[in-house]
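Encoded as structure tokens, the structure appears first; notes follow it.
The values are calculated or read from the model by the stated rules, or taken from the named source; none is laboratory data. Since this is a predicted model, take the numbers as computed values, not measurements. Heads up, the Cβs are rebuilt from the backbone with ideal geometry, glycines too, and the neighbour counts pull from every protein chain shown.
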Amino acid sequence: MANDVIVALDFENKEKTLAFLDRFEGAEKPFVKIGMELFYAEGPEVVREIKARGHKIFLDLKLHDIPNTVKKAMTVLSRLDVDMVNLHAAGTRAMMEAALEGLTRPDGSRPLLLAVTQLTSTSQERMTQELLIDQPLDQVVLAYAKNAAAAGLDGVVCSPLEAGEVHSACGDKFLTVTPGVRFADGDVGDQVRVTTPGRARELGSDYIVVGRPITQAADPVDAYRRAVKEFLGQ
């Protein structure tokens, strides 16, 4: 099982992003997540620049479209030297299989491909009333994870609360990347299904994604080190 803390670079531009990364010195190169805000503002070049600095990158664009469109988009993203990319599992198995095909380079290499199950801002009430899905939320997550595994994906993005069930259903090697992680003394913000770094590890998270508790901390480097220490149980 992999164990790593992924820092969500939820900044509005390259300048603020690089200023944040400049706080880390020497060999300390956090695994980072580039999401829609930064990618849409700066494009692929910011990905290349951050990769050149020595960081592993999770490109979090959550693709969701017809299979052929997603396949072509993944072919483009495969040209970027990132370590993880994702899409929405709700796009169905056909879309996920097409994405995997598009992401795989001619030499057979590719980034890890993950499927987003249900966002950590989604509650049972919202899923039932707004998405018209009447099944229990954890069972929906589990069904989406099984579809992703059947499509050949490497893992899912889910809440830490569901990580253990996903491993039980899909195997220990099927990765669980879990946002919705907050320090015990921190604000949960707009997240609904949350837990602490240490509890996420106990529940079976392979990677945790931490944004504001690190990026908006008075000392981001210290907050990052705290997250790593708690997640690794040190």
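Looking only at the range 162-192, which residues are hydrophobic (A, V, I, L, M, F, W, C) and at pLDDT below 90? Working first, answer last.
If we filter the range 162-192 for residues that are hydrophobic (A, V, I, L, M, F, W, C), which is where we start, we get 163, 166, 169-170, 174-175, 177, 181, 183-184, 188, 192.
Scanning the range 162-192 gives 184, 188, 192.
Select from the range 2-16 the residues that are of a type in the set (Asp, Glu) and touching a helix residue (DSSP H, G or I) at 6+ places or on another chain (Cβ under 9 Å) and write down the one among them that is farthest from residue 84 (Cα to Cα).
Kept after step one, since they are of a type in the set (Asp, Glu), are these residues of the range 2-16: 4, 10, 12, 15.
Pick out the ones that are also touching a helix residue (DSSP H, G or I) at 6+ places or on another chain (Cβ under 9 Å) and you get 4, 10, 12.
Details: 4: 13, 10: 17, 12: 21 Å.
Checked the range 2-16; the qualifying residue farthest from residue 84 (Cα to Cα) is 12.
Would you call residue 126 buried (at least 17 other Cβ atoms within 10 Å of the Cβ) and over 26 Å from residue 67 (Cα atoms)?
Numbers: buried (at least 17 other Cβ atoms within 10 Å of the Cβ): no; over 26 Å from residue 67 (Cα atoms): yes.
Taking the combined requirement at face value, the residue does not satisfy it.
Among the listed residues 173, 146, which satisfies the condition of being out of contact with any strand residue (DSSP E or B) (no Cβ under 7 Å at 6 or more places or on another chain) and part of a loop (DSSP other than H, G, I, E, B)? Don't jump to the end; show me each part of the working.
Details: 146 fails: part of a loop (DSSP other than H, G, I, E, B).
Among 173, 146, only 173 is out of contact with any strand residue (DSSP E or B) (no Cβ under 7 Å at 6 or more places or on another chain) and part of a loop (DSSP other than H, G, I, E, B).
In the range 14-107, which strands (runs of 3 or more DSSP E) lie fully inside it and hold 3 or more residues that are aromatic (Phe, Trp, Tyr)? Talk me through it step by step, then tell me what you get.
Numbers: elements: 31-34, 57-63, 84-88.
No strands (runs of 3 or more DSSP E) qualify here.
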Next item on the list: Go through the range 1-28 and give me each residue that's surrounded by 14 or more Cβ atoms within 10 Å (Cβ to Cβ) and closer than 17 Å to residue 210 by Cα.
Entry: 4, 5, 6, 7, 8, 9, 10, 11, 17, 20, 21, 24
Notebook entry, point to check: How many residues does the range 159-174 contain that are within 17 Å of residue 200 (Cα to Cα), surrounded by 17 or more Cβ atoms within 10 Å (Cβ to Cβ) and of a type outside the set (Ser, Thr, Tyr)?
Noted result: 8
Item checked: Test set (1) touching a Pro at 6+ places or on another chain (Cβ under 6 Å); (2) over 19 Å from residue 207 (Cβ atoms); (3) surrounded by fewer than 17 Cβ atoms within 10 Å (Cβ to Cβ); (4) not aromatic (Phe, Trp, Tyr) - residue 134 fails condition number -> (1)
Notebook entry, point to check: So, of the residues in the range 57-91 that are over 19 Å from the mean Cα position of the chain (by Cα) and of a type in the set (Val, Ile, Thr), which turns out to be nearest to residue 11 (Cα to Cα)?
Noted result: 76
Next item on the list: Read through the list (1) over 30 Å from residue 93 (Cβ atoms); (2) hydrophobic (A, V, I, L, M, F, W, C); (3) under 14 Å from the mean Cα position of the chain (by Cα), then give the number of the only condition that residue 34 fails.
Entry: (1)
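Tell me the residue from 210, 156, 177, 181 that is buried (at least 21 other Cβ atoms within 10 Å of the Cβ), touching a residue at least 12 places away in the same chain (Cβ under 8 Å), over 28 Å from residue 22 (Cβ atoms) and of a type in the set (A, V, I, L, M), please.
Result: 156 is the single residue among 210, 156, 177, 181 that is buried (at least 21 other Cβ atoms within 10 Å of the Cβ), touching a residue at least 12 places away in the same chain (Cβ under 8 Å), over 28 Å from residue 22 (Cβ atoms) and of a type in the set (A, V, I, L, M).
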